[in-house]
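Notes follow the structure.
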Amino acid sequence: MPAHPQTPTSAAGSPVSTRPTPGATFARTAAGTGPGVLLAHGAGGSIAANYGPVMDELTPTHRVVGVDYPGTGATPRAQTPLTLDALADELVAAADAEGLETFALSGYSLGTAVALRAATRHPERVTALVLTAPFARPDTRTRLAAEVWRGLAASGDRDTLARFLLPLALSPAALDSLSAEDLEATVRGTAETVPEGSADHVDLVARVDVRADLARIAVPTLVITTTEDQLIPPALQREVAAGIADARTADLATGHLPFAENPAEWRRLISAFLGALPAPQGAEK
């Protein structure tokens, strides 16, 4: 989901490196030291926008690597429809470029489907999964919302797009807490940060179906359900947890943007789960 972009920093306060992945066209973000964690962002977002608020928590203990999908961040827009396989393989290619043999995967929203696909295409590489606001397939309501989102993004009417997205992105309580002035500022900020490739991302949202991938997951998995989510219903999120053997679950009382509504608790859930994992063998090449 679109959000005000943030420039993530490492624990030492130095900027996270963002650069092209060798042999690929996706821009890569990498920071920190330790076991690998790959990040997969949501539709209409980016690594900085979606994961910026958790980077400082992760980089002191992990080598954190992510890629921006086509048409967001520094990655050029795609000329063909996006596929989960290609996004998953580009993310793993970024791990290769950073010398990571094994890694945990943290996915948010559309990124959860990317993470699940990466885990089934590269099972020997993946040590754990953290899935926030996940869905294995869109229900009718989500698909219709994605179709409107895609059409508005393609039309270039960013103001209307922002006004459509905000009631879906924020919890009712967070939306109602905004003054009229703050609401208009949030609309402007959202409109100004809509990535060029948003329509392409949302086209993929409408086509996602990773239900067959769920039963193939055999690594520790945490599913974080955003319980006030107006875009991905909690019932869809819980379907993901139910489909993965022994998946752990946690509820986060936010809308679809945990990094905006309660980043501290989101950071805590992710870091606590990753911190409890056994040390991986052969974490770096």
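Numerical summary
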| read-out | value |
| --- | --- |
| 17 Å cut-off, amide nitrogen to a point 7 angstrom out along Thr33 Cα→Cβ, residues in region 249-276 | none |
| Spin-label model distance (nm) - Ala218 vs Glu101, 7 Å beyond Cα toward Cβ | 1.9 |
| The chain - percent relative contact order, Cα under 8 Å, separation 6 or more | 21 |
| Protein accessible area in the chain, 1.4 Å probe - carbon and sulfur % | 52 |
| Segment Thr83-Ser155, length gained on full extension (0.36 nm per residue, minus Cα span) | 23.7 nm |
| Gaussian network model of the chain, springs between alpha carbon atoms under 10 Å - residue of Ala94, Ala74, Ala113 with greatest fluctuation | Ala74 |
| Distance between modelled label sites at Asp139 and Glu124, nm, 7 Å Cα→Cβ extension | 4.0 |
| Cα-based shape type of region 133-189, given that a ≥ b ≥ c are square roots of the gyration tensor eigenvalues and the cut on a/c is 1.5 | oblate |
| Largest-first ordering by accessible area, 1.4 Å probe, given options Glu57, Glu98 | Glu57, Glu98 |
| Over the chain: helical MRE at 222 nm, DSSP H runs n ≥ 4 each giving -39500 (n - 2.57), nearest 500 | -13000 deg cm²/dmol |
| Projected label distance in nm at Leu183 and Arg207, using a 7 Å step from Cα toward the beta-carbon | 3.7 |
| Accessible area per residue in Å² at 1.4 Å probe, computed on the chain | 39 |
| For Asp96, solvent-accessible area (1.4 Å; no DNA, RNA or ligand), Å² | 60 |
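The values are calculated or read from the model by the stated rules, or taken from the named source; none is laboratory data. All values derive from a computational prediction rather than experimental measurement. So basically every Cβ, Gly included, is an ideal-geometry build from the backbone, and we count neighbours across all protein chains shown. Please note that ligands, DNA and RNA were not included when accessible areas were found on the heavy atoms of the full protein model with its side chains. Shrake-Rupley method; radii C 1.70, N 1.55, O 1.52, S 1.80 Å.
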